[in-house]
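What follows is calculated from the coordinates using simple rules that are stated; it is not laboratory data. Note that the structure is predicted; figures quoted are calculated from it, not measured. As a convention, Cβ positions derive from the backbone with ideal geometry for all residues, glycine included, and neighbour counts pool all protein chains shown.
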Amino acid sequence: MSATRGAGGFSFTRVGAMVLRYWYLLSNSWPRAVELIYWPTVQMLTWGFVQLYVAQNSSFFANAAGLFVGGLLLWDVLLRSQQGFAFAFLEELWSRNLGNLLMSPLKPSEFIVSLMVISIIRLAIGMIPVTFLAIPLFGFNVWGLGLPLAVFFVNLVIAGWSIGLVIIGILLRQGMGAEALAWSLMFLLMPITCVYYPVATLPAIVQPIAWALPTTYVFEGMRAILVTHTFRIDLMATAFAMNALWFTAAVFVFYRLLAAARRAGSLLQQGE
C-alpha cells in the first residue's frame, strides 16, 4: 500500500481482488459465517423477550411495539459494519499477510474500498436472516419502515466505517497490542448514542456529547417513527452532514497514522 507503488489511477480490479480474497476466507470457513449470524440472533432473542415482557406490563411500550427490537437491529447494523471493516483488516495481521500487501501495487484507497465492500457482505449475511426471524417471533418487521430504513442503514454503515477506519489506522501504528479496540470501542459508545432510550434520559452534561455522534440522530429518528409515526427529516439531514465530517476526519487520521507507521518502521513489525 505504498504511495509510490502502483502508478496509475484507482483500480477496481485490485479492489475486486481484495474483496475476492476476503470472500474466500469467509466462504471456506463455516465457523466465520455462523458467527456472523449467531450474535445478532442471540441479542435479538434476548431483547425480544424483554420487550414482550415489558409490552405486557406497560401501555407505552405496547403502543410503541418494536422499540427494543428495532433499536437492537439498528445497533447491530452499526456494530457489524464497524467490526466487518476492522476484522477484515485483522485477517491480514493474523495471517501475517500485511507485508505482501505492502509490496503489491495496492493503494490505500483501494484497500479501504475493498474493506467497505466486504463489510457490507458480512453485514448482509449476519443481519438479513435475523430481521426475518424477528417477524414471526416478535411481530416486528423492520422492512416495514420502508425508505427511512434505507436512510438509517446508510448513516449507520458510514459511521461504522469511520470508526473502523480509525481503528485500523491505530493497528497499523501500534500493532496487535491495540487489537482490543476492534472488539470493544463500539460498546463504549453504546450508552452515549442512546440505542434504547432518548437523549433526554442522559445527564445534562453528557447530552452534548451524545448529539455530537451522528448515530444518536438515527436512533432518535427510529423512536420518532415507532412512537409518533413521524419521519424526522431534520434528524436525518444532520446525521448525513455529521457523517460526512466524521468520515473525512477518519480518512485524514488513517493517512496520518499510516504515514507515522512508515516513518516508525512498524508496518512489518505487527506483533504484540
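Taking label positions 7 Å along the Cα-Cβ direction at both residue 102 and residue 212, the computed distance is 3.4 nm, reported to one decimal. Stretching the chain fully between residue 37 and residue 133 yields a gain of 33.4 nm (0.36 nm per residue, less the alpha carbon separation).
One chain, two ends: residue 247 and residue 263. Fully extended at 0.36 nm per residue, the span grows by 3.3 nm beyond their Cα-Cα distance. Considering only 127, 163, 148, the residue lying farthest towards the positive end of the dipole of the range 12-264 is 163, judged by Cα position with unit charges set on Cβ. With contacts taken as Cα pairs under 8 Å at a separation of at least 6 residues, the range 12-264 carries a relative contact order of 24 percent.
In the range 12-264, taking the dipole from charged Cβ atoms about the Cα centre, the farthest positive-side position among 70, 259, 229 is held by 259.
Annotation: extensible slack from residue 204 through residue 25 equals 59.8 nm (criterion: 0.36 nm per residue apart, minus Cα-Cα distance). Projecting label points 7 angstrom from Cα along Cα→Cβ for residue 188 and residue 94 puts them 2.3 nm apart.
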